[in-house]
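Participant: I am attaching a structure below and will ask some questions about it afterwards.
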Amino acid sequence: MYETITLEKRGAVAVLTINRPDKLNALNKKVHTESVAALDELRADDAVRVLVITGSGEKSFIAGADISEFEGQTPVTQRDQFHDRTLFNVIDQFPKPVIAMVNGFCLGGGNELALACDIRMASETARFSQPEINLGIIPGGGGTQRLTNLIGEVRSMEMILTVDMSAAPTAEKLGLVNHVVPADQLEAETMKLAQKIAEKAPIALQLCKEAVK
(Lines give C-alpha, C1' and ligand atoms only; values in the text may rest on other atoms or scores of the structure.)
Protein backbone atom coordinates (compact mmCIF):
# COMPACT_ATOMS: atom_id res chain seq x y z
CA MET A 1 0.00 0.00 0.00
CA TYR A 2 2.79 2.39 0.93
CA GLU A 3 6.13 2.79 -0.88
CA THR A 4 8.23 4.84 1.55
CA ILE A 5 6.85 3.75 4.92
CA THR A 6 5.66 0.59 6.62
CA LEU A 7 2.80 0.40 9.09
CA GLU A 8 2.50 -2.41 11.60
CA LYS A 9 -0.10 -2.87 14.32
CA ARG A 10 0.96 -4.76 17.44
CA GLY A 11 -2.21 -4.92 19.45
CA ALA A 12 -2.95 -1.44 20.74
CA VAL A 13 0.39 -0.07 19.51
CA ALA A 14 1.02 0.95 15.90
CA VAL A 15 4.56 1.24 14.53
CA LEU A 16 5.17 3.56 11.58
CA THR A 17 8.62 3.12 10.02
CA ILE A 18 10.18 5.53 7.54
CA ASN A 19 11.57 3.03 5.04
CA ARG A 20 14.21 4.65 2.81
CA PRO A 21 17.41 3.06 4.21
CA ASP A 22 19.37 3.81 1.02
CA LYS A 23 18.71 7.52 1.69
CA LEU A 24 19.18 7.24 5.47
CA ASN A 25 15.38 7.62 5.68
CA ALA A 26 15.51 11.22 4.44
CA LEU A 27 12.12 12.89 4.21
CA ASN A 28 10.85 13.52 0.70
CA LYS A 29 7.41 14.60 -0.51
CA LYS A 30 6.22 11.00 -0.81
CA VAL A 31 7.18 10.25 2.80
CA HIS A 32 5.22 13.29 3.95
CA THR A 33 2.16 12.36 1.89
CA GLU A 34 2.14 8.69 2.83
CA SER A 35 2.83 9.34 6.52
CA VAL A 36 0.00 11.86 6.77
CA ALA A 37 -2.33 9.32 5.12
CA ALA A 38 -1.21 6.64 7.60
CA LEU A 39 -1.78 8.97 10.54
CA ASP A 40 -5.28 9.75 9.29
CA GLU A 41 -5.92 6.01 9.10
CA LEU A 42 -4.65 5.47 12.64
CA ARG A 43 -6.61 8.42 13.99
CA ALA A 44 -9.83 6.65 13.00
CA ASP A 45 -8.75 3.25 14.38
CA ASP A 46 -10.05 2.96 17.95
CA ALA A 47 -8.04 -0.23 18.48
CA VAL A 48 -4.79 1.78 18.24
CA ARG A 49 -4.00 3.72 21.40
CA VAL A 50 -0.30 4.58 20.98
CA LEU A 51 1.86 5.28 17.92
CA VAL A 52 5.61 4.62 17.66
CA ILE A 53 7.55 6.29 14.83
CA THR A 54 11.01 5.08 13.81
CA GLY A 55 13.37 4.71 10.86
CA SER A 56 14.47 1.53 9.13
CA GLY A 57 17.91 0.14 9.83
CA GLU A 58 20.36 1.04 12.59
CA LYS A 59 22.29 3.90 10.99
CA SER A 60 19.59 6.52 10.84
CA PHE A 61 16.28 7.51 12.37
CA ILE A 62 15.81 10.27 9.80
CA ALA A 63 18.81 12.11 8.35
CA GLY A 64 16.80 15.24 7.54
CA ALA A 65 15.06 16.33 4.37
CA ASP A 66 15.90 14.83 0.99
CA ILE A 67 17.89 17.77 -0.35
CA SER A 68 17.71 16.39 -3.90
CA GLU A 69 14.21 17.90 -3.94
CA PHE A 70 15.62 21.34 -3.13
CA GLU A 71 16.89 21.81 -6.70
CA GLY A 72 15.14 24.73 -8.35
CA GLN A 73 13.64 25.90 -5.06
CA THR A 74 14.13 29.32 -3.55
CA PRO A 75 13.85 30.00 0.18
CA VAL A 76 10.42 31.52 -0.49
CA THR A 77 9.03 28.59 -2.52
CA GLN A 78 10.49 26.16 0.03
CA ARG A 79 8.75 28.08 2.81
CA ASP A 80 5.45 27.98 0.94
CA GLN A 81 5.46 24.18 1.15
CA PHE A 82 4.93 24.40 4.90
CA HIS A 83 1.28 24.59 5.85
CA ASP A 84 -1.12 23.39 8.54
CA ARG A 85 -1.14 19.79 7.28
CA THR A 86 2.61 19.23 7.27
CA LEU A 87 3.69 15.90 8.70
CA PHE A 88 5.22 17.71 11.68
CA ASN A 89 1.95 19.43 12.59
CA VAL A 90 -0.14 16.32 11.97
CA ILE A 91 2.07 14.40 14.43
CA ASP A 92 1.95 17.24 16.95
CA GLN A 93 -1.86 17.37 16.74
CA PHE A 94 -2.39 13.59 16.66
CA PRO A 95 -4.90 12.78 19.43
CA LYS A 96 -3.06 9.65 20.65
CA PRO A 97 0.36 9.51 22.35
CA VAL A 98 3.27 9.36 19.89
CA ILE A 99 6.71 7.98 20.78
CA ALA A 100 9.78 8.59 18.62
CA MET A 101 12.11 5.56 18.64
CA VAL A 102 15.36 7.20 17.59
CA ASN A 103 18.01 4.92 16.11
CA GLY A 104 21.11 6.59 14.68
CA PHE A 105 21.16 9.98 12.98
CA CYS A 106 18.34 12.35 13.91
CA LEU A 107 19.14 15.45 11.89
CA GLY A 108 17.27 18.49 10.63
CA GLY A 109 13.77 17.46 9.63
CA GLY A 110 14.33 14.18 11.45
CA ASN A 111 14.94 15.99 14.72
CA GLU A 112 11.94 18.20 14.00
CA LEU A 113 9.78 15.12 13.48
CA ALA A 114 11.01 13.70 16.78
CA LEU A 115 10.27 17.03 18.47
CA ALA A 116 6.68 16.81 17.25
CA CYS A 117 6.29 13.49 19.10
CA ASP A 118 5.27 13.37 22.75
CA ILE A 119 8.09 11.16 24.04
CA ARG A 120 11.53 10.42 22.59
CA MET A 121 13.40 7.15 23.24
CA ALA A 122 16.97 7.05 21.90
CA SER A 123 19.64 4.42 21.42
CA GLU A 124 23.14 5.13 22.70
CA THR A 125 24.23 5.54 19.07
CA ALA A 126 21.69 8.28 18.30
CA ARG A 127 23.00 11.69 17.21
CA PHE A 128 21.00 14.92 17.10
CA SER A 129 21.56 18.14 15.13
CA GLN A 130 19.83 21.00 13.32
CA PRO A 131 22.17 21.53 10.33
CA GLU A 132 19.83 23.62 8.17
CA ILE A 133 21.83 26.82 8.53
CA ASN A 134 24.71 25.13 6.65
CA LEU A 135 22.36 25.07 3.62
CA GLY A 136 21.44 28.72 4.05
CA ILE A 137 17.97 27.93 5.43
CA ILE A 138 16.36 27.76 8.87
CA PRO A 139 14.84 24.74 10.67
CA GLY A 140 11.51 25.00 8.85
CA GLY A 141 9.68 22.03 10.34
CA GLY A 142 8.99 23.68 13.68
CA GLY A 143 12.54 23.26 14.94
CA THR A 144 13.01 26.84 16.06
CA GLN A 145 9.84 26.70 18.14
CA ARG A 146 9.48 23.13 19.42
CA LEU A 147 13.18 22.82 20.22
CA THR A 148 13.11 26.09 22.15
CA ASN A 149 9.97 25.07 24.03
CA LEU A 150 11.62 21.80 24.99
CA ILE A 151 15.18 22.72 26.00
CA GLY A 152 15.01 26.51 26.40
CA GLU A 153 16.11 29.47 24.32
CA VAL A 154 19.80 29.52 25.27
CA ARG A 155 20.49 25.86 24.47
CA SER A 156 18.23 25.91 21.41
CA MET A 157 19.98 28.97 20.02
CA GLU A 158 23.41 27.38 20.40
CA MET A 159 22.30 24.09 18.84
CA ILE A 160 20.76 25.82 15.81
CA LEU A 161 23.49 28.42 15.22
CA THR A 162 26.54 26.19 15.73
CA VAL A 163 25.08 23.04 14.10
CA ASP A 164 26.93 21.04 16.76
CA MET A 165 25.88 17.39 16.90
CA SER A 166 24.74 16.09 20.27
CA ALA A 167 25.33 12.50 21.31
CA ALA A 168 22.42 10.71 22.97
CA PRO A 169 23.64 11.16 26.58
CA THR A 170 24.06 14.89 25.98
CA ALA A 171 20.61 15.08 24.40
CA GLU A 172 19.18 13.39 27.47
CA LYS A 173 20.86 15.92 29.78
CA LEU A 174 19.48 18.76 27.67
CA GLY A 175 15.96 17.31 27.96
CA LEU A 176 15.80 16.60 24.25
CA VAL A 177 15.11 12.89 24.83
CA ASN A 178 13.37 11.09 27.69
CA HIS A 179 15.50 7.94 27.89
CA VAL A 180 18.70 6.56 26.36
CA VAL A 181 19.14 2.80 26.16
CA PRO A 182 21.60 0.38 24.50
CA ALA A 183 20.90 0.00 20.79
CA ASP A 184 20.00 -3.67 21.11
CA GLN A 185 17.38 -2.82 23.75
CA LEU A 186 15.81 0.18 22.03
CA GLU A 187 12.86 -1.59 20.45
CA ALA A 188 12.06 -3.68 23.52
CA GLU A 189 12.22 -0.71 25.89
CA THR A 190 10.19 1.50 23.57
CA MET A 191 7.50 -1.13 23.14
CA LYS A 192 7.41 -1.71 26.91
CA LEU A 193 6.74 2.00 27.42
CA ALA A 194 4.19 2.09 24.60
CA GLN A 195 2.31 -0.91 26.02
CA LYS A 196 2.30 0.67 29.49
CA ILE A 197 0.71 3.83 28.10
CA ALA A 198 -1.71 1.85 25.90
CA GLU A 199 -3.17 0.20 29.00
CA LYS A 200 -4.51 3.54 30.23
CA ALA A 201 -8.01 4.80 29.52
CA PRO A 202 -7.98 6.10 25.91
CA ILE A 203 -10.18 9.15 26.48
CA ALA A 204 -8.09 10.13 29.49
CA LEU A 205 -4.93 9.75 27.40
CA GLN A 206 -6.31 12.06 24.73
CA LEU A 207 -7.54 14.68 27.19
CA CYS A 208 -4.25 14.63 29.13
CA LYS A 209 -2.34 15.19 25.89
CA GLU A 210 -4.65 18.04 24.89
CA ALA A 211 -4.29 19.65 28.34
CA VAL A 212 -0.49 19.47 28.29
CA LYS A 213 -0.35 20.84 24.72
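The values are calculated or read from the model by the stated rules, or taken from the named source; none is laboratory data. This is a predicted model, so every value here is computed, not measured. Cβ sites come from the backbone with ideal geometry, for glycine too, and all protein chains shown count toward neighbours. Each accessible area value is taken on the protein alone, full model and side chains, heavy atoms only, with ligands, DNA and RNA left out. Shrake-Rupley method; radii C 1.70, N 1.55, O 1.52, S 1.80 Å.
Participant: Which net charge results for the neighbourhood of ALA100, defined as the other residues with beta-carbon distances under 10 angstrom from its beta-carbon, given Lys and Arg at +1 and Asp and Glu at -1? Please report the intermediate quantities before stating the final value.
Facilitator: Numbers: positive: ARG120; negative: ASP118.
Summing Lys and Arg as +1 and Asp and Glu as -1 gives 0.
Participant: Compute from the Cα atoms of the stretch 133-213 the Rg and the Dmax, the latter being the longest Cα-Cα distance, and quote both in angstrom.
Facilitator: Rg then Dmax for the stretch 133-213, in Å: 16.1, 46.
Participant: Expressed as a whole percentage, what fraction of the accessible surface of the chain belongs to carbon and sulfur atoms when a 1.4 Å probe is rolled over the protein heavy atoms?
Facilitator: Working: 5770 of 10620 Å².
Of all accessible area on the chain, carbon and sulfur atoms account for 54 percent.
Participant: Give me the net charge of VAL15's neighbourhood, meaning all other residues with Cβ under 12 Å from the Cβ of VAL15; Lys, Arg count +1, Asp, Glu -1. Kindly include the intermediate steps, with their values, before the conclusion.
Facilitator: Values: positive: LYS9, ARG10; negative: GLU8, GLU187.
Summing Lys/Arg as +1 and Asp/Glu as -1 gives 0.
Participant: Find which of LEU135, LEU147, HIS32 sits farthest along the positive direction of the dipole of the chain, computed with +1 on the beta-carbon of Lys and Arg, -1 on that of Asp and Glu, about the Cα centre.
Facilitator: Looking along the dipole axis, the top candidate is LEU147.
Participant: At 25 °C and a viscosity of 0.890 mPa s, what translational diffusion coefficient does Stokes-Einstein give for the stretch 1-46, taking Rh as the Kirkwood radius over Cα pairs? Give it in µm²/s as a whole number.
Facilitator: On the way: Rh = 11.1 Å.
It comes out at roughly 221 µm²/s.
Participant: Continuing with this model, one more query. With every protein chain kept in place and ligands, DNA and RNA left out, what is the accessible area per residue of the chain? Probe 1.4 Å, answer in Å².
Facilitator: Numbers: 10620 Å² over 213 residues.
Value returned for the chain: 50 Å² of accessible area per residue.
Participant: On a 0 to 90° scale, report how tilted helix 29-43 is relative to the longest principal axis of the chain, with both axes built from alpha carbons and the result rounded to the nearest 10.
Facilitator: 20 degrees
Participant: Extending each Cα 7 Å along its Cβ direction at ALA47 and GLU3, get the distance between those two points in nm, one decimal.
Facilitator: Computed distance between label sites ALA47 and GLU3 equals 2.8 nm.
Participant: Any chance you could give the angle, 0 to 90 degrees and rounded to 10, that helix 186-198 forms with the longest Cα principal axis of the chain?
Facilitator: 50 degrees
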